[in-house]
1. Identify all residues within region 321-358 that are of a type outside the set (D, E, K, R) and farther than 30 Å from Ser377 by Cα; write none if there are none.
2. Need at least 2 residues that are polar (S, T, N, Q) and within 25 Å of the chain's Cα centre (by Cα) per element, so show me which strands (runs of 3 or more DSSP E) inside region 204-306 make the cut, counting only ones lying wholly within it.
3. Does Leu113 satisfy the criteria of being in contact (Cβ under 8 Å) with a residue 60 or more places away in the chain and farther than 16 Å from Ser174 by Cα?
4. From the list Glu85, Glu72, exactly one residue is in contact with a Phe, Trp or Tyr (Cβ under 9 Å, 6 or more places away or on another chain) and either among the acidic types (Asp, Glu) or open to solvent by 20 Å² or more (accessible area, probe 1.4 Å) (or both). Which is it?
5. As an exercise: evaluate Ile310 against (1) touching an Asp or Glu at 6+ places or on another chain (Cβ under 8 Å); (2) among the hydrophobic types (A, V, I, L, M, F, W, C); (3) on the phi < 0 side of the Ramachandran plot and give the number of the one condition it does not meet.
6. What number goes with the only condition from (1) in a strand (DSSP E or B); (2) open to solvent by 50 Å² or more (accessible area, probe 1.4 Å); (3) under 21 Å from Leu239 (Cβ atoms) that Ala186 does not pass?
7. For Glu312, which of the numbered conditions (1) of a type in the set (D, E, K, R); (2) in a loop (DSSP other than H, G, I, E, B); (3) over 23 Å from Gly57 (Cα atoms) fails to hold?
8. Every residue in region 151-181 that is open to solvent by less than 30 Å² (accessible area, probe 1.4 Å) and either in a strand (DSSP E or B) or without any contact (Cβ under 8 Å) to a residue 12 or more places away in the chain (or both), please.
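The values are calculated or read from the model by the stated rules, or taken from the named source; none is laboratory data. Everything numeric in this text was worked out from a predicted model, so none of it was measured. A quick note on method: Cβ atoms are made from the backbone with ideal geometry, for glycine too, and the neighbour counts reach across all protein chains shown. Calculation scope for accessible area: heavy atoms of the full protein, side chains included, ligands and nucleic acids excluded. Shrake-Rupley method; radii C 1.70, N 1.55, O 1.52, S 1.80 Å.
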Amino acid sequence: MKKLAVLGTAIALSNMTYAADAATQAQIDELKAQIAALADTVDAQAEGPANPVYIGGYGEMHLNLNQGKDNEIDYHRFVLFFGKEFTDKVRFFSELELEHSLAGDGKPGEVELEQAYVEVDVTENTQVKTGLFLLPVGILNETHEPETFYGVERNNVEKRIIPTTWWEGGVMVSGKIADGLSYDVAMHSGLNAAEYDENGLLTGVESLRSSRQKVAEATANKAAYTARLKYTAVPGLELAVSGQYQDDILQGAGDDEIGAALLEAHAIYQTGGFGLRALYAQWNIDSDVEDAVAGASKQNGYYIEPSYRINEQVGVFYRNSMWDTAAGDSDDSEKTQNDIGVNYWLADTAVLKADYFRQETAGELSATGYNLGVGFSF
């Protein structure tokens, strides 16, 4: 009898539990749905919006000590990045720069739009960008955040010959040929090197660096073309060669066209703490009007820079460089410079810098000095 009573009680309790479960199942399902929705919300907040707008930037301040004469402190540049992921395949990137801290009439600085382009993934290995972009030439032109290179000032070869920082407006196709082998091909606006006298008459060619139009109501009678081939298949190694051609750097202003071709090649190698950078660049300017280009018909330069990263915070470097913006004339314009210095990384993207330089012109000492700097990116 006791067994029957226990069995009856168990059956009754089971029926009650079943009834209770049946009555509350809708509530349980609703709670599960709410928990799942809450988890999705938390994940979305952690990952950010599907198509975010993002910002970044970099800046650097320099103190140039030229043996007690004309010493200068300058907040050389402050740059802001703004970008937008429209879709998984379409994105926008821009770079707005303030140079020398203060811009305006009679002020030393400029506000410049250095990049503003839309990039589209055409295939898995091919991208097309159109708008205003940095040209794929040299080491520093595309990557020049302060913590990515040694020395307070950018090296003179990439500043005077290439000339960094150099952007143009146009269209560029970039792609992957094979693992570690890529290419870039661009058609874009070009230089305008026409120089005029006080009467408005064309007299010749001014420096190529000052010929950058920066896509500011730029004369576009003649286009330019740039291509690069880059090899990175070996870990720590980058080899690249690039070239540019413009059939008239006077943009149609002269009676005769003056064509210009730039060839640049560089190597970067990093293994452990040891690093090495080497670069060569040369302009060849062709003209039937000899007086128009004079010694500037050939301009070239090179540098070699070994470095050693002692630990995560400290690295040292030495740089030997030569550049000549009138190499077609004589050796009197050739400049050489030796730099030695140290970088101290406060964090991965924040650095203090110090260096010493000695410069010679045509074999004669022309300048020495020290530089101190601080730089960052985010």
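1. From region 321-358, those of a type outside the set (D, E, K, R) are 321-323, 325-328, 330, 333, 336-338, 340-347, 349-352, 354, 356-357; that's our starting set.
Across region 321-358, the qualifying residues are Thr325, Ala326, Ala327, Gly328, Ser330, Ser333, Thr336.
2. 237-246, 259-271
3. Criteria met by Leu113.
4. Glu85
5. Failed condition: (1).
6. In the conditions (1) in a strand (DSSP E or B); (2) open to solvent by 50 Å² or more (accessible area, probe 1.4 Å); (3) under 21 Å from Leu239 (Cβ atoms), Ala186 misses (2) alone.
7. (3)
8. Listed by number, the residues that qualify are Trp167, Glu168, Gly169, Gly170, Met172, Ser174, Gly175.
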